[in-house]
Amino acid sequence: MNNTEFDKQHIWHPYTSAVHPLPCYEVVAASGTRLTLSSGESIVDGMSSWWSTIHGYNHPKLNEAAHCQIEKFSHVMFGGLTHEPAVQLCKRLLEIVPDGLNRVFLADSGSVSVEVAIKMAIQYWACQGRPEKSKLVTPRNGYHGDTFAAMSVCDPINGMHSLFKKSLIEHHFAPAPQTRFENTWSPDDIAPMRDIFEKHAEQLAALVLEPIVQGAGGMRIYHPEYLKQCRQLCDEFDVLLICDEIATGFGRTGKLFACEHAQITPDILCLGKALTGGYMTLAATLCTEQVALGVCEGEPGVFMHGPTFMGNPLACAVANASIDLLLSKPWQTDVLNIETQLKNELSELKTNDKVADVRILGAIGVVEMKMHVNVAEIQKVFIKHGAWIRPFSKNIYIMPPFISSPQDISALCEAIKQGVACC
Ligand SMILES: *Cc1c(COP(=O)(O)O)cnc(C)c1O
């Protein structure tokens, strides 16, 4: 049995049937912006392996950091022990995240960092003597991960809440923000969120959202004023703001963190995905001094979370190298150049009969179709045209590595056009 055959019969893949799986392609090498398949084809990566490989694959600097650390030690428990890679990483993160964040909890995946953020918010209010503040509010079309608390703030429809109704805590959902990033702010846009705050603030622990770009819940890009007003609502009504920058962090939207578009600081910030340059899993939940002190007041006096692989040294070492590499480069220019090229090459699709919308911000390009996309069929077209792109529902989207050349971006845009033509 060859690898793809064994895989088909025995291995689960993300969001895929085990019985009627989508076709799966075997990668035998990955370098720079290219993936080499076992068929011998070399294709241009349009996905950065889900927002993470911002520097491309097999990068000498990240490889060196991993080798160097593995020669010292790969892992030690974080309970009662610390080490240089974690200290360096947390120092660097506090230097680059929005002002006011002061404490770092290292988690082992994005979803876990969201669980940690939610637990922090709830424990914070419980320790302030306000245990009734335990509900969350979130805009529709969000995505925050696949574990239970994270899933409870994902969009209730495309997050498939109905399947888990009895096991999910019910929170408050506001309509998704409507004003587009580039349009004039419409003050009505915040009204439904204000309404929820006015009715329910006494029970609200936190507002959870993805700043500026809603990723896997719909690939929507919204106006910074919405985020600014969410911050103001949280201040006015005594509710914590949790910003999930797991997808948007580390330059993807043209700012190092998407919160900077609105010049706000959340009370709690989640980071993941590009944190290690896509080398391995690592995430972080950061909070203000006020939240940290609040959580640790009274009983039990500690924060009740501690993953086995918390602060994994190998992952921290690679994260340090990835952040150094990013900051040593003209990354803003690189991202802006990708944005300009995506606008030049994808905008023509706006007038295509099958296309509902085209949205571009930073190194993110989205072509929303009017109908659901047949992933298996369209991927054959993409691969024939030398591109790795994985659409979901109506969205064909790319977020290529920042090192992508103009030729790489053109190849991706051309593949999208060919795919759209075949829909
Ligand atoms: C991917 C993602 C998560 C979940 O991260 P995992 O590492 O897959 O658990 C959470 N929030 C956002 C915004 C994401 O894009």
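Each reported figure results from applying straightforward, stated rules to the coordinates on display, with no laboratory input. Keep in mind that this is a model prediction, so the values were computed, not measured. Using ideal geometry, Cβ is built from the backbone for each residue, glycine included, and neighbour counts are taken over all protein chains shown.
Computed over all pairs of different Cα atoms, the Kirkwood value for the hydrodynamic radius of the range 321-371 is 12.3 Å.
About the centre of its Cα atoms, the range 165-231 shows a dipole size close to 220 debye [charges on the beta carbon of Lys, Arg (+1) and Asp, Glu (-1) only; nearest 20 debye].
Ordering LEU101, ASN395, PRO175 by the projection of their Cα atoms onto the charge dipole of the chain, which places +1 on the Cβ of Lys and Arg and -1 on the Cβ of Asp and Glu, puts ASN395 at the extreme positive end. How many angstrom separate the Cα center of the range 334-349 from the Cα center of the range 10-56? Taking the Cα centre of each part, the range 334-349 and the range 10-56 sit 24 Å apart.
The tail of the calculated P(r) for the range 1-110 beyond 18 Å holds 70 percent of all Cα-Cα pairs. Restricting the calculation to Cα atoms, the range 102-204 yields a radius of gyration followed by a Dmax of 15.1, 43 Å.
Full extension of the chain segment joining ILE169 with ASP99 gains 22.0 nm, where the gain is 0.36 nm per residue of separation less the Cα-Cα distance. For the chain, the ratio of Cα radius of gyration to the globular rule of thumb 2.2 N^0.38 Å stands at 0.97. Across every direction, the projection of the convex hull enclosing the Cα atoms of the range 155-276 has a mean area of 8.1 nm². Each label was represented as a point 7 Å from its Cα along the Cα-to-Cβ direction; for MET160 and SER74 these points are 3.3 nm apart. Helix-only arithmetic for the chain: the sum of -39500 (n - 2.57) across DSSP H runs with n ≥ 4, divided by the residue total, places the mean residue ellipticity at 222 nm at -11000 deg cm²/dmol. The convex hull defined by the C-alpha atoms of the range 263-312 has an orientation-averaged projected area of 4.7 nm².
If a spin label sat at a point 7 angstrom from the Cα of GLU377 along the line to its beta carbon, the backbone N atoms of the range 388-423 nearer than 11 Å would be those of 422-423. Quick one: Cα centre-to-centre distance for the range 97-114 and the range 153-188, in angstrom? Going from one Cα centre to the other spans 23 Å. Which aspartates and glutamates, if any, have their Cα less than 18 Å from the Cα of LYS350, not counting same-chain residues under 8 positions apart? Counting by Cα, and skipping residues close in sequence, LYS350 has these aspartates and glutamates nearby: GLU182, GLU339, GLU368, GLU414.
Tell me, rounded to the nearest percent, the portion of alpha carbon pairs in the range 256-358 spaced more than 25 Å apart. Summing the P(r) of the range 256-358 above 25 Å gives 48 percent of all pairs. Provide the net charge surrounding PRO23, with neighbours chosen by a C-beta distance below 15 Å and charges set as Lys +1, Arg +1, Asp -1, Glu -1. Charge balance in the 15 Å sphere: -1. Counting neighbouring Cβ atoms within 10 Å and putting the fewest first, the residues THR147, THR179, THR308, THR285 line up as THR308, THR147, THR179, THR285.
Computed across the range 3-48, the Kirkwood hydrodynamic radius from all distinct Cα-Cα pairs reaches 11.8 Å. Considering all alpha-carbon pairs of the range 59-160, what whole percent are spaced by more than 17 angstrom? Here the long-distance tail beyond 17 Å is 69 percent of all Cα pairs in the range 59-160.
If the segment from LYS343 to CYS24 were pulled out straight at 0.36 nm per residue, it would be longer than the present Cα-Cα gap by 111.8 nm. Ordered by the number of other Cβ atoms lying within 10 Å of each residue's own Cβ, fewest first, ILE96, ILE389 fall into the sequence ILE96, ILE389. Put simply, the range 380-423 fits an ellipsoid with semi-axes of 17, 12, 8 Å; these come from the alpha carbon gyration tensor as the roots of five times its eigenvalues, largest first. Note that the range 160-229, at 4 °C in a medium of 1.567 mPa s, gets a Stokes-Einstein diffusion coefficient of 95 µm²/s from its Kirkwood radius over C-alpha pairs.
Comparing mean-square fluctuations of VAL213, VAL28, VAL104 from a GNM of the chain with C-alpha springs under 10 Å, the top value falls on VAL28. For the range 285-410, taking Cα atoms only, Rg and Dmax work out to 21.1, 62 Å respectively.
Listed by Cβ neighbour count within 10 Å, with the fewest neighbours leading, LYS133, LYS8 appear as LYS8, LYS133.
Over the chain, Cα pairs under 8 Å with separation of 6+ residues give a relative contact order of 22 percent.
Stretched out straight at 0.36 nm per residue, the stretch from GLN203 to SER38 would grow longer than its current Cα-Cα span by 54.0 nm. Averaging the sequence gap over all C-alpha pairs within less than 8 Å and six or more residues apart, then dividing by the number of residues, gives the range 239-303 a relative contact order of 28 percent.
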